[in-house]
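A.B. asks: Got a structure for you, questions after.
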Amino acid sequence: MTGQTQRDLVADYFEGFRTSDHRRILATVTDDVEWVIHGHRTTRGKAEFDSEIENPAFAGSPELDVQRVFEDGPVVVTTGEGRGTSVEHGPFRFAFNDLFTFRDGLIARVDSYVVPLP
């Protein structure tokens with residue numbers, strides 16, 4: 001990860017999700033990473049985080065279109081839209097906002113807000 005900016009790590013994180021590349025995603029986060037998916041679940045540590053990367057309630061990898069990226073000190077904020085497939089309900093669209101908090105050059109916390117779209 002040497003030489004990568006916070007934005008580069010966030011880009012790697014999203015590319016990892018687009019391809020369900022656990023190793024790529026986990027390389028961007030701290031060992032004690034916390035992922036708060038507001039209204040859904042909070043994971044703590046890489047093992048729990050890893051269990052949410054390919055949630056069994058969803059099929060395949062999501063399509064993620066990051067539309068805006070803002071950076072302020074140790075925080076990177078992204079907004080965008082995505083598409084996924086629910087095992088129970090089929091294809092769906094959503095808007096997302098992810099707030100990444102960095103510590104020592106890696107993502108230490110992710111706050112995710114996901115809103116279903118018609």
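A.B. asks: Among the candidates SER61, SER20, which residue alone is in contact with a Phe, Trp or Tyr (Cβ under 8 Å, 6 or more places away or on another chain), touching a residue at least 24 places away in the same chain (Cβ under 8 Å) and of a type in the set (Gly, Ala, Ser)?
C.D. replies: Working: SER20 fails: in contact with a Phe, Trp or Tyr (Cβ under 8 Å, 6 or more places away or on another chain).
Being in contact with a Phe, Trp or Tyr (Cβ under 8 Å, 6 or more places away or on another chain), touching a residue at least 24 places away in the same chain (Cβ under 8 Å) and of a type in the set (Gly, Ala, Ser) holds for just one of SER61, SER20, which is SER61.
A.B. asks: While we're on this one: If only one of PHE100, PHE96 is among the hydrophobic types (A, V, I, L, M, F, W, C), surrounded by 15 or more Cβ atoms within 10 Å (Cβ to Cβ) and more than 14 Å from TYR13 (Cα to Cα), which one is it?
C.D. replies: That would be PHE96, the only listed residue that is among the hydrophobic types (A, V, I, L, M, F, W, C), surrounded by 15 or more Cβ atoms within 10 Å (Cβ to Cβ) and more than 14 Å from TYR13 (Cα to Cα).
A.B. asks: Moving on to the next point. Identify the single condition in (1) among the polar types (S, T, N, Q); (2) farther than 20 Å from GLU63 by Cβ; (3) surrounded by fewer than 15 Cβ atoms within 10 Å (Cβ to Cβ) that SER86 does not satisfy, given that it satisfies every other one.
C.D. replies: Among (1) among the polar types (S, T, N, Q); (2) farther than 20 Å from GLU63 by Cβ; (3) surrounded by fewer than 15 Cβ atoms within 10 Å (Cβ to Cβ), SER86 violates only (2).
A.B. asks: Still on this structure, I have one more. Could you list all residues from the range 40-68 that are among the acidic types (Asp, Glu) and in a loop (DSSP other than H, G, I, E, B)?
C.D. replies: Matches in the range 40-68: GLU54 only.
A.B. asks: Next question. Tell me, please, whether a residue that is at pLDDT 95 or above and aliphatic (A, V, I, L, M) can be found in the range 78-93.
C.D. replies: no
A.B. asks: Which residues, taken from the range 54-75, are under 12 Å from the mean Cα position of the chain (by Cα) and within 14 Å of SER112 (Cβ to Cβ)?
C.D. replies: PRO62, LEU64, VAL66
A.B. asks: Also, quick follow-up: Can you name the number of the only condition in (1) assigned to a loop (DSSP other than H, G, I, E, B); (2) within 18 Å of ASP111 (Cβ to Cβ); (3) not aromatic (Phe, Trp, Tyr) that GLY3 fails?
C.D. replies: (2)
A.B. asks: Picking from THR28, THR42, THR79, which residue would you name as being more than 21 Å from LEU117 (Cα to Cα) and under 12 Å from the mean Cα position of the chain (by Cα)?
C.D. replies: THR28
A.B. asks: For residues that are in contact with a strand residue (DSSP E or B) (Cβ under 9 Å, 6 or more places away or on another chain) and either exposed (fewer than 13 other Cβ atoms within 10 Å of the Cβ) or assigned to a helix (DSSP H, G or I) (or both), tally how many sit in the range 19-30.
C.D. replies: Looking only at the range 19-30, we keep the residues that are in contact with a strand residue (DSSP E or B) (Cβ under 9 Å, 6 or more places away or on another chain), and these are 26-30.
Adding the requirement that they be either exposed (fewer than 13 other Cβ atoms within 10 Å of the Cβ) or assigned to a helix (DSSP H, G or I) (or both) leaves 26.
Qualifying residue count for the region: 1.
A.B. asks: With in contact (Cβ under 8 Å) with a residue 60 or more places away in the chain and either in a strand (DSSP E or B) or under 29 Å from GLY3 (Cβ atoms) (or both) as the only criterion, which of GLU81, GLU71 stands out?
C.D. replies: GLU71
A.B. asks: Take the range 1-17 and flag every residue that is touching a Phe, Trp or Tyr at 6+ places or on another chain (Cβ under 6 Å) and polar (S, T, N, Q).
C.D. replies: Start the filter on the range 1-17 by keeping residues that are touching a Phe, Trp or Tyr at 6+ places or on another chain (Cβ under 6 Å), which leaves 6, 10.
Correct list: GLN6 only.
A.B. asks: On the given criteria, is GLY45 surrounded by 14 or more Cβ atoms within 10 Å (Cβ to Cβ) and farther than 19 Å from VAL10 by Cα?
C.D. replies: Against the criterion (surrounded by 14 or more Cβ atoms within 10 Å (Cβ to Cβ) and farther than 19 Å from VAL10 by Cα), GLY45 does not qualify.
The values are calculated or read from the model by the stated rules, or taken from the named source; none is laboratory data. On a predicted model such as this, the values are computed, not experimentally measured, just so you know. All Cβ positions, glycine included, derive from the backbone under ideal geometry; neighbour counts span all protein chains shown.
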